[in-house]
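Accompanying notes for the structure given below.
Computed from the coordinates by the stated procedures, all read-outs in this text should not be read as laboratory data. Bear in mind the structure is a predicted one, so any value in this text is a computation, not a measurement. No Cβ is skipped: glycine too gets one built from the backbone with ideal geometry, and neighbour counts run over all protein chains shown.
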Amino acid sequence: MVLDFYYTLASPPCRGPMLVAKALGVDLNLKDLNLREGEHLKPEFLAINPAHKVPTLVDGDFVLWESDRIEDMSKDILAQVVADLISSPAKFSLQLDESTDVSSLSQLAVFLRYVKNDVIKEKFLFCKSLTTTTRAADVKNIVDKFLKVNSLSWDIASAVCSDGAPVMQGRKSGFDAVVKADPPHIIITHCILHRHAMATKTLPLTLAEILKIVVECVRHRIFSELFKEIDSEFEVLLYHSNIRWLFRGQVLNRVFAVRVELALFLQEHQHCHADCFKNFEFILILAYLADIKAIIGYIVAQYGKDDSLYPTDPKKRSIVDKFLYFDAALQSTFFDWVVPVLRHNATPDSETEEKLHTSLTHLDAHFKKTGFKFVSGDTVCVADHVLVANVTTFSELGLDVSQHSEVEAWLQRCADTMPGYEEICLAGAKILGGALKDKFVKK
């Protein structure tokens, strides 16, 4: 069967599924949409995809598109909160927490308290990475930049509550001292307990039921012994907590990554949900909840003749999944770099460009450590397809990929061996590069 595929070749997220389909020998009926002319907003396409996004895949009566729901919801909520802050009769206060994540990268989480309709509201405001140093000035700069971008200012703030880290509390050079210097009216307090904010939101019944099944499955503490026996990259499952919705997302990601191990365990112990992890629809919705590449996952699951592109071997599959998540973050940074230039003719942001280099440094380190020719071994997998679409575009826009020798060598291997690289990946990258490269090349 020929699948209808709505796309624009200049978009890296469109080229990944096209490369996977090419590798599997799946025929796509390509329907190129001119986004500048608004073809994605015409009634005939909206009837297929109300979200008017590309790529979109149509397989008979089944329609699938990549999900931007988390980002869209985040932007919508942020816009509402900013409007509330501007209209509030009282000043708002901030709570900051600087900590290190599992990849040893410092993260700054900022919470917000403000008044709306005589009711005190608490919201999670943003989380940003501290990619270079973690000095007080770096923290202050991130908060300043966020306020400026969202048309806010310290003038309508009243207080800052920080954690006990030295970078926050230093009398002379800590964040507290930097804030008091400008603006001086801010009241500084220190929290005595790191709170987890934001309760779980309501899910549609189908999604809620699958989440419930996942929660029931991960309560078996003897899973760690199973993972050790089969030499899985993961040795434990994360445990679910109803009041920590961000942690819930981590649970889903971990469950998806080790779904093969879970299927073995549940079958062996005759668990009531053992059949769920053999059900294609269940896995597809689990991937949706975990925010995996939906279209690519569907094409491989439905039309793949073997497991070469998406290995069933637990160790290899965990590597592939990890780099699918990695690509999602890389793609988000890429959009932050390109979209302001494309839409507003802005100057490319040097800090965002440096973040791209940092990401490529991590990818470079992976190849150096493992000696792999491709992401998960010596053959191409789906993670290579999605990553090469982005990295090729970086190169065409003038990002110096040669700074990362292993990534450069991997990119050449993909160009030499990957079916469809020239006519899909490189051609699409050149469209965007031809339109914008002169704006990205340093004068």
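Here are the numbers for the structure shown:
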{"quantity": "Ellipsoid semi-axes in whole angstrom, largest first, where each is sqrt(5λ) of the Cα gyration tensor of region 266-413", "calculated": "33, 19, 13"}
{"quantity": "Karplus 3J(HN,Hα) series, Hz, for region 365-374 with 6.51 cos²θ - 1.76 cosθ + 1.60 (x for Gly, Pro)", "calculated": "5, 4, 5, 5, 6, 8, x, 5, 7, 10"}
{"quantity": "Whole-Hz ³J(HN,Hα) from phi, Karplus 6.51 cos²θ - 1.76 cosθ + 1.60, for region 408-417, glycine and proline x", "calculated": "4, 5, 4, 4, 5, 5, 4, 4, 7, 10"}
{"quantity": "Amide H contacts under 5 Å for Asp4, placed H, 5+ residues apart", "calculated": "Asn29, Val58, Gly60"}
{"quantity": "Calculated FRET value between Ala415 and Asn29, using beta carbons and R₀ = 35 Å, to 0.05", "calculated": "0.85"}
{"quantity": "FRET efficiency, 1/(1 + (r/R0)^6) with R0 41 Å, evaluated for Thr370 and Ala79 via beta carbons", "calculated": "0.45"}
{"quantity": "Residue-by-residue Karplus 3J(HN,Hα) for region 10-27, coefficients 6.51, -1.76, 1.60, Hz, glycine and proline x", "calculated": "6, 8, x, x, 7, 6, x, x, 5, 5, 5, 4, 4, 5, 8, x, 8, 7"}
{"quantity": "Zone of Ile431's modelled label, taken as backbone nitrogen in region 16-30 under 14 Å from a point 7 Å along Cα→Cβ", "calculated": "16-19, 30"}
{"quantity": "Stokes-Einstein D (µm²/s) once Rh is taken as the Kirkwood radius of region 379-443 over alpha-carbon pairs, at 37 °C in 0.692 mPa s", "calculated": "270"}
{"quantity": "Protection-proxy order for peptides 34-45, 381-392, each taking the mean of Cβ atoms within 10 Å per residue, highest first", "calculated": "381-392, 34-45"}
{"quantity": "Gly304 long-range amide H proximity, modeled H, under 5 Å", "calculated": "none"}
{"quantity": "Long-range HN-HN contacts of Lys121 with modeled amide H, under 5 Å", "calculated": "Tyr114, Val115, Lys116"}
{"quantity": "Whole-angstrom gap from region 322-340 to region 266-280, using each part's C-alpha centre", "calculated": "35"}
{"quantity": "Summed residue charge, Cβ within 14 Å of Val82's Cβ, Lys/Arg positive, Asp/Glu negative", "calculated": "+3"}
{"quantity": "FRET efficiency for Asn117 and Thr352, using Cβ-Cβ distance with R0 set to 41 Å, rounded to 0.05", "calculated": "0.65"}
